[in-house]
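Written out below as structure tokens is the structure these notes cover.
The values are calculated or read from the model by the stated rules, or taken from the named source; none is laboratory data. Quick caveat, the model's predicted, so the values are computed rather than measured. Note that each Cβ is placed from the backbone with ideal geometry, even for glycine, and that neighbours are counted across all protein chains shown. Side chains included, ligands, DNA and RNA excluded: accessible areas come from the protein's heavy atoms. Shrake-Rupley method; radii C 1.70, N 1.55, O 1.52, S 1.80 Å.
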Amino acid sequence: MWTARVFTLYPEIFPGPLNKGLYGKALGKKAWNLEVVNIRDSAEDKHKTVDDTPFGGGSGMLLKPDILGRSIDSKIKKGERIFYLSPRGKKFDQKIAKEISEEKTINLICGHFEGIDERILSTRNIEEISIGDYILSGGESASFVVIDAVLRLLPGVLGNKISKDEESFENGLLEYPQYTKPQIWEKQSVPEVLLSGDHAKIKDWRLSQSKDITRRRRPDLWKKYLDKEKK
Ligand code: SAH
């Protein structure tokens, strides 16, 4: 069973949005597993201190390496990958989501305050991943993003309710436009080709729409797609 182990100072906010709909059902059925570790449980003093001021000065507080180290060491098993959610990390994308979905257990560390002591990263062989170029107040919402993207890919979570192969990014292109009933809504009809019943034609139309949208909206993805096609 795929397991996400999350290290956080705010365990009470989990599973949060991951407990809804099919994800919640899948969690109940044990199609995936969530283990939430309260970093503060590893604090030793009376006040349960987890942070301290940065050496060299500067604003804010940092998560202490001794506390975080103890928390990690008490839970992780050998060989498990550990990710620190961090704006400095490698940009999270569908490819990394797929890679993570193939692990048995992954560990996600949610930082807070100004971040964490750098030494924890190298001593525990931690990989940094970012969900985008902006700064969040903590890693929790980023961990929801990562887990959400991975759960979609797990067999037995969404079942065949979602056609994963057709989704944006799967073939390097953004998704084509989709329509459902009513066929005419506010005087707008759906594209004729979708009513034709001609599956080959529909497939062609969708591919050309996908290409068009990708070319216009995401020149970066379009370039990658063209390069791949050339090979
Ligand atoms: N001082 C740090 C930012 C700390 S933000 C810096 O400038 O790099 C506080 C915490 O939020 C971080 O420890 C991290 O876990 C999380 N976080 C913030 N932005 C993030 C992002 N874009 N992706 C993933 N995690 C993020």
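So here's what we get for this one:
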{"item": "Scan of region 17-40 for residues that are exposed (fewer than 15 other Cβ atoms within 10 Å of the Cβ) and of a type in the set (Gly, Ala, Ser), ordered by number", "result": "GLY21, GLY24, GLY28"}
{"item": "Candidates SER189, SER137, SER208, SER141, filtered to the one that is free of Cβ contacts under 8 Å to residues at least 40 places away in the same chain and closer than 30 Å to ALA31 by Cβ", "result": "SER141"}
{"item": "In region 155-176, the residues that are at pLDDT below 95 and either touching a Ser or Thr at 6+ places or on another chain (Cβ under 7 Å) or among the β-branched types (Val, Ile, Thr) (or both)", "result": "VAL157, ILE162"}
{"item": "Flag if ILE82 is buried (at least 21 other Cβ atoms within 10 Å of the Cβ) and not polar (S, T, N, Q)", "result": "no"}
{"item": "Residue list for region 157-207, filter: on the phi > 0 side of the Ramachandran plot, acidic (Asp, Glu) and under 32 Å from the mean Cα position of the chain (by Cα)", "result": "none"}
{"item": "Residue that is least open to solvent (accessible area, probe 1.4 Å) [pool: residues in region 85-94 that are within 10 Å of the ligand (Cβ to nearest atom) and more than 23 Å from VAL37 (Cα to Cα)]", "result": "LYS91"}
{"item": "Test: residue in region 127-143 that is open to solvent by less than 30 Å² (accessible area, probe 1.4 Å), part of a strand (DSSP E or B), among the polar types (S, T, N, Q) and within 16 Å of the ligand (Cβ to nearest atom)", "result": "yes"}
{"item": "Pairs with Cβ under 6 Å, 6+ apart, first in region 40-67 and among the small types (Gly, Ala, Ser), second within 14 Å of the ligand (Cβ to nearest atom) and in a loop (DSSP other than H, G, I, E, B)", "result": "ALA43/VAL50; GLY60/PHE113; GLY60/GLU114"}
{"item": "Only listed residue being out of contact with any helix residue (DSSP H, G or I) (no Cβ under 7 Å at 6 or more places or on another chain) and within 18 Å of GLU140 (Cβ to Cβ), chosen from PHE7, PHE55, PHE92, PHE83", "result": "PHE83"}
{"item": "Conditions (1) in contact with a Ser or Thr (Cβ under 7 Å, 6 or more places away or on another chain); (2) of a type outside the set (Lys, Arg); (3) surrounded by 14 or more Cβ atoms within 10 Å (Cβ to Cβ): number failed by GLN183", "result": "(3)"}
{"item": "Odd one out for LYS77 among (1) out of contact with any Pro (no Cβ under 9 Å at 6 or more places or on another chain); (2) open to solvent by less than 50 Å² (accessible area, probe 1.4 Å); (3) more than 20 Å from ILE129 (Cβ to Cβ)", "result": "(2)"}
{"item": "In region 186-217, the residues that are surrounded by 16 or more Cβ atoms within 10 Å (Cβ to Cβ) and either farther than 19 Å from SER168 by Cβ or among the basic types (Lys, Arg) (or both)", "result": "VAL190, ARG206, LYS211, ARG215"}
{"item": "Residue in region 104-122 that is farthest from the ligand (Cβ to nearest atom), counting only those that are open to solvent by 90 Å² or more (accessible area, probe 1.4 Å) and under 21 Å from MET61 (Cα atoms)", "result": "SER122"}
